[in-house]
Amino acid sequence: MKIAVIGGAGYIGSHVARELLDFGHEVFVYDNLSSGLRQNLFKEASFAHGDILDVQKLNDFFESVKPEGIVHLAALKAAGESMLEPEKYSVHNITGSLNILNAASKHGVKYIVFSSSAAVYGSPKYLPMDEKHPTEPENYYGYTKLAIEQYLQWYGKLKGIKYAALRYFNAAGYDVKGRISGLEQNPANLIPIVMEAAVGKRASVSVFGNDYETKDGTGVRDYIHVSDLARAHRMAFDKLQSSESFVVNLGVNSGNSVLEVIKATERISGKKVNYQVVGRRAGDPAVVLANPAFAKEFFGWQAECSDLDTLLETTWKAYLAN
């Protein structure tokens, strides 16, 4: 299949592009390189430098490529920033996504796999969280993801475009074969921040609260390896050809605490990771866990390399490579 990966030079996008290439798809990357990196591009995939806010360039890209499917990963994703600068997130995430949907509709795209987020759920009402969990986002970033899912639903009804919305939990790790090593720029997630402390790029890690009702008092999150995520995107295209549109959780239903991540990083890297406990962040639940049962039942996906050691070892190798 001809597949356009929008945001394909980024952290997750490059892993998705690699997975699609490995399985014989023709891949075309469209990226503005604001957070993506040229070193994350593959010679087997065509690359167009462009922004999703540039309607003319986006349409020219669709016209030249004529993709049958697209992966939409182009978005701003810092939850905290979204609460301070909602205007920026409205333009990039919502307007940009509508530009993509309009171009897809105009140029006859059949399938869209969308990078959604567990942020659409907000704080857990029950654990583990399944796809029927109420969607009550607690930050504007999560709201933009939910809004785009709703636009996809309408374009599905009105234009016949089939879509899969993949609600990721916490993406981490690097390509298990070591083929991708371009590091995230200005990471906001725990594991890359801990790695930066291990390599001496930052003085210490802030631990937001150690008085939660968890085994060591620090927050617990469900981490999923980016290679497992990439496989889910590829499998979603396979499934869409024989099914209706769908929404699915991608996680592992087991969690690791902040302190567990720090201690395991020290063990794997052989480096001391300094940290300091600070106050809780507003809206941070004690535990977030996915129920991924539907993904297995519906299209046969389950995590294969999302254990903590694999997550951290592959990330550490990427940091050492840089």
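The table below lists the values:
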{"item": "Sites MET83 and GLU26, calculated FRET efficiency, Cβ-Cβ separation with R0 51 Å, nearest 0.05", "result": "0.80"}
{"item": "Convex hull of the stretch 81-205 built on C-alpha atoms - directionally averaged projected area, nm²", "result": "10.4"}
{"item": "Cα convex hull of the stretch 112-168 - mean projected area over all directions, nm²", "result": "3.8"}
{"item": "Contour minus Cα-Cα distance for LYS106 and GLN185 (0.36 nm per residue)", "result": "25.1 nm"}
{"item": "Cα extents of the stretch 187-322 along the three principal axes, largest first (Å)", "result": "51, 37, 21"}
{"item": "Over 20 Å between alpha carbons, listed pairs LYS177/LYS263; LYS66/LYS106; LYS2/LYS239; LYS43/LYS77; LYS162/LYS239; LYS110/LYS159", "result": "LYS177/LYS263; LYS43/LYS77"}
{"item": "Derived scalar couplings ³J(HN,Hα) [the stretch 96-113; Karplus, 6.51 cos²θ - 1.76 cosθ + 1.60; whole Hz; x for Gly, Pro]", "result": "x, 5, 5, 4, 5, 4, 5, 5, 4, 5, 5, 9, x, 5, 8, 9, 10, 10"}
{"item": "Value of relative contact order over the chain, rounded to a whole percent, pairs C-alpha under 8 Å and six or more apart", "result": "19"}
{"item": "From the C-alpha gyration tensor of the stretch 215-294, square roots of 5λ in Å", "result": "33, 17, 9"}
{"item": "Normalised alpha carbon radius of gyration of the stretch 1-59 [divisor 2.2 N^0.38 Å]", "result": "1.03"}
{"item": "Label point at VAL278 placed 7 Å out along Cα→Cβ; residues across the stretch 64-86 whose backbone nitrogen lies under 19 Å", "result": "78-85"}
{"item": "Calculated over the chain: convex hull of Cα atoms, volume per residue (Å³)", "result": "122"}
{"item": "Shape category assigned to the stretch 266-322 from the gyration tensor of Cα positions, a/c cut at 1.5", "result": "oblate"}
{"item": "Rounded percent of accessible protein surface that carbon and sulfur make up, the chain, 1.4 Å probe", "result": "49"}
{"item": "Most fluctuating residue given options ALA232, ALA48, ALA119, as computed from a GNM of the chain linking Cα atoms under 10 Å", "result": "ALA48"}
{"item": "Selection of trypsin sites (Lys or Arg not before Pro), the stretch 83-159, meeting DSSP coil and at most 14 other Cβ within 10 Å", "result": "LYS125, LYS132"}
{"item": "Principal axis box of the stretch 1-118, alpha-carbon based, largest edge first, Å", "result": "42, 30, 25"}
{"item": "Measure of compaction for the stretch 57-152 (Cα Rg per 2.2 N^0.38 Å)", "result": "1.19"}
{"item": "Stokes-Einstein diffusion coefficient of the stretch 151-231, Kirkwood radius over Cα pairs, 4 °C, 1.567 mPa s, in µm²/s", "result": "81"}
{"item": "5 angstrom amide H check on THR135, placed H, neighbours 5+ away", "result": "none"}
{"item": "Accessible area in square angstrom per residue, the stretch 1-158, 1.4 angstrom probe", "result": "43"}
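The values are calculated or read from the model by the stated rules, or taken from the named source; none is laboratory data. All values reported here derive from a predicted model rather than from experimental measurement. Reconstructed Cβ throughout: ideal geometry from the backbone, glycine too, with neighbour counts over all protein chains shown. For the accessible areas, the whole protein counts, side chains as well, though only heavy atoms, and no ligand, DNA or RNA atoms are used. Shrake-Rupley method; radii C 1.70, N 1.55, O 1.52, S 1.80 Å.
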